Amino acid sequence: MTPATLLAAGTGLAADQKSAEVTDWAARIGWVVGLALFVALVYWLMREGWKWRGTLQGDLPGLPSAPDDPGPAKLSMSGRYHGSTTAGQWLDRIVAHGLGTRSRVELTLTDAGLDVVRPGATDFFVPAAQLREARLDKGIAGKVLTEGGLLVVTWAHGERLIDSGFRSDHAAEHNEWVDVINSMIDNSMINTNSTEGAER
């Protein structure tokens with residue numbers, strides 16, 4: 001094979017390589033548009049599902065707000081609010097009245113109840129008489145943490161029992177919250193039973 005033939009063959013290979021680099025832009029654009037439409041459809045379906053769940057929970061009364069003078073704070077905590085579910089059903093998320101919105105949270109416990117302040121989301125207040133239980137758990141409404149990494153407060157609202165999940169910026173605080181809330185509930189039950197006995 002002569003040098004001229006080799007040069008011609010090399011030039012042909014280079015031309016083939018260059019032509020292989022040509023992109024089918026119509027196909028690529030089609031794929032990108034198709035993917036964008038698919039993502040938009042999934043997002044729309046999720047949003048409609050959220051709205052539908054909120055409609056189903058339309059019987060839930062409005063959330064109470066904190067009293068003007070709740071009294072001195074027993075405990076306070078900064079952390080995250082991870083959502084609320086029907087008590088005992090950690091996947092049955094409650095979204096009505098903004099309870100499904102995850103956010104930062106400032107919790108304050110007083111003799112009057114539990115004040116839940118959420119920047120950028122709806123605040124709410126749980127009167128002490130509506131508190132039912134506090135416990136440590138590892139998950140709620142699709143959020144799974146380490147064992148005991150979540151403070152779950154069970155409270156009554158309307159005809160429902162609700163579990164609300166909180167995580168402190170300092171997880172070591174959770175145990176004290178569980179003890180103090182459960183102590184408040186126990187004392188409230190003792191006082192109620194004593195009052196009922198005296199009335200009889």
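The values are calculated or read from the model by the stated rules, or taken from the named source; none is laboratory data. Source: prediction; values computed, not measured. Here the Cβ is made from the backbone with ideal geometry for all residues, glycine too, and neighbour counts use every protein chain on show. SASA here: full protein model, heavy atoms, side chains in, ligands and nucleic acids out. Shrake-Rupley method; radii C 1.70, N 1.55, O 1.52, S 1.80 Å.
Looking at region 96-160, the GluC sites (Glu not before Pro) that sit in a DSSP loop and have at most 10 other Cβ atoms within 10 Å of their own Cβ are Glu147, Glu159.
So with the 1.4 Å probe, I'd like the accessible area per residue for region 52-155, rounded to whole Å².
Solvent-accessible surface per residue comes out at 46 Å².
Each residue of region 24-34 was assigned a 3J(HN,Hα) from its phi angle through the Karplus curve 6.51 cos²θ - 1.76 cosθ + 1.60 (θ = phi - 60°); the sequence is 7, 5, 4, 5, 4, 4, x, 5, 5, 5, x Hz, with glycine and proline shown as x. In this simple spin-label model, placing a label point 7 Å from the Cα along the Cα-to-Cβ direction at both Arg135 and Asp24 gives a separation of 5.8 nm. For Leu114, the residues whose modelled amide H falls within less than 5 Å of its own, excluding neighbours fewer than 5 places apart on the same chain, are Val126, Ala128. Amide H contacts under 5 Å for Ile94: Ser84, Thr85, Thr86, restricted to partners 5 or more places along the chain or on a different chain, H placed in the peptide plane at 1.01 Å from N.
Length gained on full extension, Leu63 to Arg102, computed as 0.36 nm times the residue gap minus the Cα-Cα distance: 12.4 nm.
Each eigenvalue of the Cα gyration tensor of region 100-149, multiplied by 5 and square-rooted, gives one semi-axis; in descending order these are 21, 16, 9 Å.
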